[in-house]
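The values are calculated or read from the model by the stated rules, or taken from the named source; none is laboratory data. Note that the structure is a prediction, hence the values are computed from the model and not measured. Here the Cβ is made from the backbone with ideal geometry for all residues, glycine too, and neighbour counts use every protein chain on show.
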Amino acid sequence: CGIFGIYGHPEAANLTYLGLYALQHRGQEACGIVSSDGRSLYTHRSMGLVADVFGNQEIFGNLPGESAIGHVRYSTTGDSVLKNVQPIKVDYSRGSIAIAHNGNLVNAQYIKDELEAWGSIFQTTMDTEVILHLLATSKHSSLEDRIIDALGRIKGAYCLLFLTETRMVAARDPHGFRPLCLGKLGDAWVVASESCALDLIEAEFVREIEPGEIVVITKDGLTSHFPHKKIEPAPCIFEFVYFARPDSYIFGKNVYQVRKDFGRQLCREHRIDADIVIPVPDSGVPAALGYAQEAGIPFELGLIRNHYVGRTFIEPQQSIRHFGVKIKLNPVREVLKGKRVVVIDDSIVRGTTSRKIVKMVRNAGASEVHVRISSPPTSYPCYYGIDTPTRKELISSSHTIEEIRKYITADSLGYLSEEGLLQAVGAGSNPFCKACFSGGYPITFPRLMAEPQLD
Ligand code: 5GP
Ligand code: SF4
Ligand code: MG
């Protein structure tokens, strides 16, 4: 998911709309905005893309005020239905509060069972709702303390934005799984999942919100709190591989540069004689450029992408994903005919995309098709906010690289090594989460740890 918030600007809802537009790649299922005029909160949410949900200017007349938060959704927990669209807004004894969440809690069910036993009734099937319940039932009186209290109970990945009548609060979990940055537009404060959203509204990038940090923004300014015990951070390395936009700066680095370095390193590890290097657009482009430059092989566009189709993987139905590849990509015969081709993609999940792409490139006349993947084999599901399928469906959880090569019918297949990935990202002493590749989950939680063996 993607989150965006702005505090202290007369065009708050409109700017949030633009911010969400820039974050659309982080979720295409649904979106919403909640604004505040200092007295009340106003909501507009729906299934669909940002442009469709907020395409009508009249909507902004119903989202008044100088602060707003917004969300683009990509479902990792909860069904893909309207009641699960964010931000979620509730009214309780102390007023109204809205919340937008990027990430995934690992102990939500546990807390939910506990709260239900005490009489709480949940309106959604989202993990995010438990945070609101914890907040509403906290014994503390100030909003900050209630939030700190609630966050002390939850485990997992979260970047959160809260909006009340008078405040905006941003929080990032102590592992810092997902990115979150702080910006300034004139006197207004801006918070966004990725810096590309700040660029669009011409806000200045101030800094990233730190793992474990809570930032409280009121009319008197900004205060920062670190209430949690400090632990080793584990930002998601897959944000660099696939999820974030290449023009963003996350975890201290520019995504494009890192992706290109993945490609360079991939070439050092799996060089091959070939005539052209082509990316699987868009996710494979920077890595393919890096590979081509390192190899000294021309970079070509052998596959053209239809830009009106979303990220296939993100659509939750298997049947849609199945057709997705053809809807999305078409080969350029003139580029591929008679050529030995290196095809670069960022990851293989189920293997269905790669298999179709290899066939497509071969049918277009390529004499050899070599597949190179700019990350290690994805063998383990993510429990921290990326919608990877169950272990069973991940082709590399049960197949060797040679078996995968055969399945996708490539002449050769090479993955970036885990060491190469870390080296390219400049991990050094900075740890990252790379559990989907290594299985080393940074948060051990009983229910979570049982699952990798079960499915
Ligand atoms: P496959 O057919 O192997 O399941 O899909 C691989 C393709 O899915 C790659 O091109 C990759 O860019 C894309 N992809 C889209 N969304 C995701 C995601 O959330 N996780 C992963 N691992 N790959 C994704
Ligand atoms: Fe990111 Fe993979 Fe860790 Fe999930 S398991 S947070 S996708 S690195
Ligand atoms: Mg892709």
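Brief remarks follow.
- Any pair with Cβ under 6 angstrom, 6 or more apart, that starts in the stretch 28-46 at a residue that is farther than 12 Å from I59 by Cα and ends at one that is of a type in the set (S, T, Y): E29/Y74; E29/S75; E29/S80; S36/S67; L41/S96
- Scanning the stretch 180-235 for residues that are of a type in the set (S, T, Y) and surrounded by fewer than 22 Cβ atoms within 10 Å (Cβ to Cβ) turns up T218, T223, S224.
- Residue, nearest to ligand 1 (Cβ to nearest atom), within the stretch 275-302, restricted to residues that are over 20 Å from R355 (Cβ atoms) and small (G, A, S): G290
- Qualifying positions in the stretch 26-51 - out of contact with any strand residue (DSSP E or B) (no Cβ under 8 Å at 6 or more places or on another chain) and over 29 Å from Y92 (Cβ atoms): A51
- The stretch 329-370 - residue that is on the phi > 0 side of the Ramachandran plot and at pLDDT 95 or above and, of those, nearest to ligand 3 (Cβ to nearest atom): G365
- Condition check for R340: surrounded by fewer than 22 Cβ atoms within 10 Å (Cβ to Cβ), closer than 23 Å to F262 by Cα and charged (D, E, K, R): yes
- Residues of the stretch 361-375 satisfying the condition of being buried (at least 18 other Cβ atoms within 10 Å of the Cβ), polar (S, T, N, Q) and over 15 Å from S396 (Cα atoms): none
- Residue satisfying all of: in the stretch 383-410; more than 10 Å from ligand 1 (Cβ to nearest atom) and among the polar types (S, T, N, Q); farthest from H175 (Cα to Cα) among these: T409
- Scope the stretch 210-221; condition outside any strand (DSSP E or B) and without any contact (Cβ under 8 Å) to a residue 40 or more places away in the chain; matching residues: E210, P211, D220
- If the condition is being closer than 14 Å to P281 by Cα and in a helix (DSSP H, G or I), then the stretch 341-355 contributes T353, S354.
- Set side by side, the residues L222, L200, L266, L185 differ, and just one is closer than 24 Å to Q28 by Cα and either of a type outside the set (V, I, T) or in the same structural domain as A424 (by TED's automatic domain parsing) (or both), which is L200.
- Here G176 fits the description: modelled with pLDDT of 95 or more, away from ligand 3 (no atom under 16 Å from the Cβ) and of a type outside the set (S, T, N, Q).
- Residue pairs meeting the criteria (Cβ under 6 Å; at least 6 apart or on separate chains; first in the same structural domain as L301 (by TED's automatic domain parsing) and in contact (Cβ under 8 Å) with a residue 24 or more places away in the chain, in the stretch 327-340; second surrounded by 14 or more Cβ atoms within 10 Å (Cβ to Cβ) and acidic (D, E)): V335/E300; K339/D275; R340/D275; R340/E368
- Among the residues of the stretch 127-142, just one is within 19 Å of A170 (Cβ to Cβ), touching a residue at least 40 places away in the same chain (Cβ under 8 Å) and among the aliphatic types (A, V, I, L, M), namely L132.
Yes or no, residue by residue, for (1) within 16 Å of ligand 2 (Cβ to nearest atom); (2) within 17 Å of E403 (Cβ to Cβ):
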{"residue": "V335", "(1), (2)": "no, no"}
{"residue": "R340", "(1), (2)": "no, no"}
{"residue": "I344", "(1), (2)": "no, no"}
{"residue": "R362", "(1), (2)": "no, no"}
{"residue": "P376", "(1), (2)": "yes, yes"}
{"residue": "Y380", "(1), (2)": "yes, no"}
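- Consider the stretch 410-455 and keep the residues that are closer than 26 Å to K392 by Cβ and among the acidic types (D, E). The one that is modelled with the highest pLDDT is E418.
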